[in-house]
Structure formats: C-alpha cells, structure tokens
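This report concerns only the one structure given below.
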Amino acid sequence: MTHLPFKGHFSKTTEPLDCLHMDLVGPISPSSISGHHYILNIIDQHTSYKITCFLKNKSDTYEEFLKQQKLIENTQQQKIKKLVTDGGGEFINQQFKDLAEQHGFTHIIAPPYTPEHNGIAERANRTILDKALCLFLSSCLVNQYWAEAVNTAT
C-alpha cells in the first residue's frame, strides 16, 4: 500500500542540471553476480534522465557520485546547481559538504522520515524496481541476476 499524494511541489527547473535528485537502495540480498548490494539512482529533475549505478558498499557512494558528476557535467557542458538527497549517512558527511562547496552547488538534505521531500528519486526507485521485478520474474533466472534486471529496466 502506498501513501496519499504529497501536496507540496518542487520548484520548476529551466534547464538540465538545475536540480539532481539522488537516492541509495539497499542492501539487497543476495548480492548480484558482480558482488553488488546497493543501487544508486541519480535523476535530473528537468529532463527526468536517470543514471543507475551498482555499489558493493554504502561507502562507495561518494566515489561513484564523483565519477558520475564529471561525466554528467562534461556531457552537458554545464555545472550541477542543486543536489537533493535524503539524510542517509552516505550523503551527510564532510566529503559531500566539501564537494558542494568546491563545485558551487547547493546540497539539500531532506528532513528525516519525509521521503516525499526527495519524491522524484523515491518514485524513480519504485518505478525501476517494479519494472525490474517483472523482468526478473518472467526470466526465471536465479536471484543473483537482479542487477541485470535493474539495468535493463533503467
């Protein structure tokens, strides 16, 4: 069962990278065939473009975001202006604080127990996982292939 729709709204964006939403899903058991336990989703609010990354540990979140940030900014030839995350320990650390300061973007952390404040990422998580589950169940593969289903669903 899902919650009722959130009546609040996100500020409008006018171009790509105005606002990225990011969330981590996991741990997922069993691990994938590559040994991954987590899914990191990054969503551009303006274009709805999604990037899905697989992580072995929560502590890999910062390094993976650094790689994706460089790729995204080089591809779009502009800088990230705002990053919205939940209050997970993987996001509220000195590394992310320093990164936001160095690169000049605002890091917005949603208050505890309010997933609706990062609703774009939460909705993307659910959509991707629902699609992946359908693909996975129809494929009759062993559980360790969940990452391949998620990758296909993205």
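The numbers here are math on the coordinates, done by the rules we state, and not lab data. Treat the numbers as computed from the prediction; the structure is a model and nothing was measured. Every residue, glycine among them, receives a Cβ derived from its backbone with ideal geometry; neighbour counts consider all protein chains shown.
For the chain, lysine pairs separated by 8 or more sequence positions, or belonging to different chains, with Cα-Cα distances below 19 Å total 24. Reported value for the chain: 121 Å³ per residue, from the convex hull of its C-alpha atoms. Shown in residue order for region 54-70 are the 3J(HN,Hα) couplings computed by the Karplus curve 6.51 cos²θ - 1.76 cosθ + 1.60 at θ = phi - 60°: 10, 10, 7, 9, 4, 5, 7, 4, 4, 4, 5, 4, 4, 4, 5, 4, 4 Hz (x for Gly and Pro). Which whole-angstrom value gives the distance between the alpha carbon centres of region 73-118 and region 19-33? With region 73-118 and region 19-33 each reduced to a Cα centre, they are spaced 17 Å. Note on region 1-108: antiparallel DSSP beta bridges, both residues inside, total approximately 70 percent of the bridges counted. Gaussian network model of the chain, Cα springs within a sub-10 Å range: biggest mean-square fluctuation belongs to which of THR75, THR14, THR114? Maximum among the listed residues: THR75. In order along region 30-41, phi translates into HN-Hα couplings of x, 5, 5, 5, 8, x, 7, 10, 10, 10, 10, 10 Hz, rounded to whole numbers, per the Karplus curve 6.51 cos²θ - 1.76 cosθ + 1.60 with θ = phi - 60° and x for Gly and Pro.
Springs between alpha-carbon atoms under 10 Å, Gaussian network over the chain: tell me which of SER31, SER11, SER59 tops the mean-square fluctuations. Of SER31, SER11, SER59, the Gaussian network model singles out SER11 as fluctuating most. Put simply, when 95-104, 63-72 are sorted by average Cβ atoms within 10 angstrom per residue, most first, you get 63-72, 95-104. Relative to the Cα centre, the charge distribution of region 20-153, modelled as +1 at Lys and Arg Cβ and -1 at Asp and Glu Cβ, gives a dipole magnitude of about 200 debye.
The amide H of LYS82, built 1.01 Å from its N in the peptide plane, has CYS19, LEU20, THR106 as neighbours under 5 Å, considering only residues 5 or more places off or on other chains. Computed from the C-beta positions of SER139 and LYS56 and an R0 of 22 Å, the FRET efficiency is 0.40 to the nearest 0.05.
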